[in-house]
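Some notes on the structure that comes next.
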Amino acid sequence: MTQPTPINTEQTHAPNDKTNDKTRDPNQNVSYTKPSDTNQAFWQQRYQEQETPWNLDVVAPPFKHLISSYPAYFKGLNSMLPGVMPGKALGGKALKVLPMMAVLGCGYGHDAAYFGQAGAAVTAFDFADEAIAAAKNRYNNFATFIQADIFALPENQEFNAQFDYVLEHTCFCAIDPTKRKAYVETVHFLLKPGGTFVGLIFFDTGSESEEGPPYASTQQEIEALFMPQFTVQVLEIASHSVENRKNRELLCIFQKKPN
């Protein structure tokens, strides 16, 4: 059987900028009406017009190094695995039961596909039909992509405590800060007891405007939101960020407390 083409993991700047400045800050605001985080049309428009400065067009570099840097938190995953469809045979032998991962606000699916290629059974969610269609077209071999409002996921008991991992990248900073507590509740709902939240979160360096999205956060806010229900394993400035995100991303690895 012909194996799917492995995904590209090399990128040093944020593409998809319609200007000639290819190093524009991926967290820079553009001239759109401030959205409601339940305004699907807003996000659909952004993807249709390819105004997606958060998109790197590859897996986020900190995620590319995550499994090898923190192997104790990613048992069952291997960043060196060849690209295989989840549940398919590898070397003629059936794969063992795969770790289950949910990806929130997956966009074009680069991060979801990377972890699917690394051995997780990935289910990725996004509000925008356009993003999901593009992700399916490019990465359908590596993940299951579902159009959904992430805040509605707790209404579906099928997803209750089903995942070993929840992955976050540029979703937390895109939602209205007043809904961050609901975001944490969604993560808690999705994870199995002892499951792991893995996030790259845009944080306030003291120079960000309150206007968004993106909406910056602080380490103190993140701890206050997550700590009642999670235990900190890692909370530090991310390594290997692209140039215009260096020292502006927090790597979070939090474990859900037992019920």
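Both the radius of gyration and Dmax for the range 218-259 are 12.0, 40 Å, in that order, over alpha-carbon atoms.
Near Phe145, within a Cβ-to-Cβ distance under 13 Å, what is the net charge of the other residues, with Lys and Arg +1 and Asp and Glu -1?
Here the count lands on -2.
Accessible area per residue was computed with a 1.4 Å probe on protein heavy atoms; Asp164 scores about 40 Å². When Tyr108, Tyr165 are compared by accessible area of protein heavy atoms, the largest-first order is Tyr108, Tyr165, using a 1.4 Å probe. Of Val166, Val232, the order by accessible heavy-atom surface (1.4 Å probe, DNA, RNA and ligands excluded), from most exposed downward, is Val232, Val166. Overall shape of the range 125-199 was characterised from the C-alpha gyration tensor. The equivalent ellipsoid obtained from it has semi-axes of 20, 16, 12 Å, in decreasing order. Each residue, Asp149 and Val234, gets one label point 7 Å from its Cα in the Cβ direction; the gap between the two is 3.4 nm. Over all other residues within a Cβ to Cβ distance under 13 Å of Leu225, the charged ones net out to -1, with Lys and Arg as +1 and Asp and Glu as -1. The residues Tyr70, Tyr215, sorted by heavy-atom accessible surface at 1.4 Å with ligands and nucleic acids left out, run Tyr70, Tyr215 from largest to smallest. The calculated pair-distance distribution of the range 121-259 uses every alpha carbon pair, bins of 5 angstrom beginning at 0, and gives 2, 9, 18, 22, 20, 18, 9, 3, 0 percent. How would the range 105-168 be classified by its alpha-carbon gyration tensor: rounded, prolate or oblate, with rounded meaning a/c under 1.5 and the a/b versus b/c comparison settling the rest? In terms of gyration-tensor shape, oblate. Within the shell of other residues whose beta carbon sits under 15 angstrom from the beta carbon of Val198, the net charge comes to -1, with Lys and Arg scored +1 and Asp and Glu -1.
With both labels modelled 7 Å from their Cα along Cα-to-Cβ, the Glu223 to Asn156 distance reads 3.5 nm. Label positions at Asn247 and Lys75, each projected 7 Å from the Cα along the C-beta direction, are separated by 3.8 nm.
The values are calculated or read from the model by the stated rules, or taken from the named source; none is laboratory data. Quantities reported herein were computed from a predicted structural model and do not represent experimental measurements. Methodologically, a virtual Cβ is constructed for each residue, glycine included, from the backbone with ideal geometry; neighbour enumeration extends over all protein chains shown. For the accessible areas, the whole protein counts, side chains as well, though only heavy atoms, and no ligand, DNA or RNA atoms are used. Shrake-Rupley method; radii C 1.70, N 1.55, O 1.52, S 1.80 Å.
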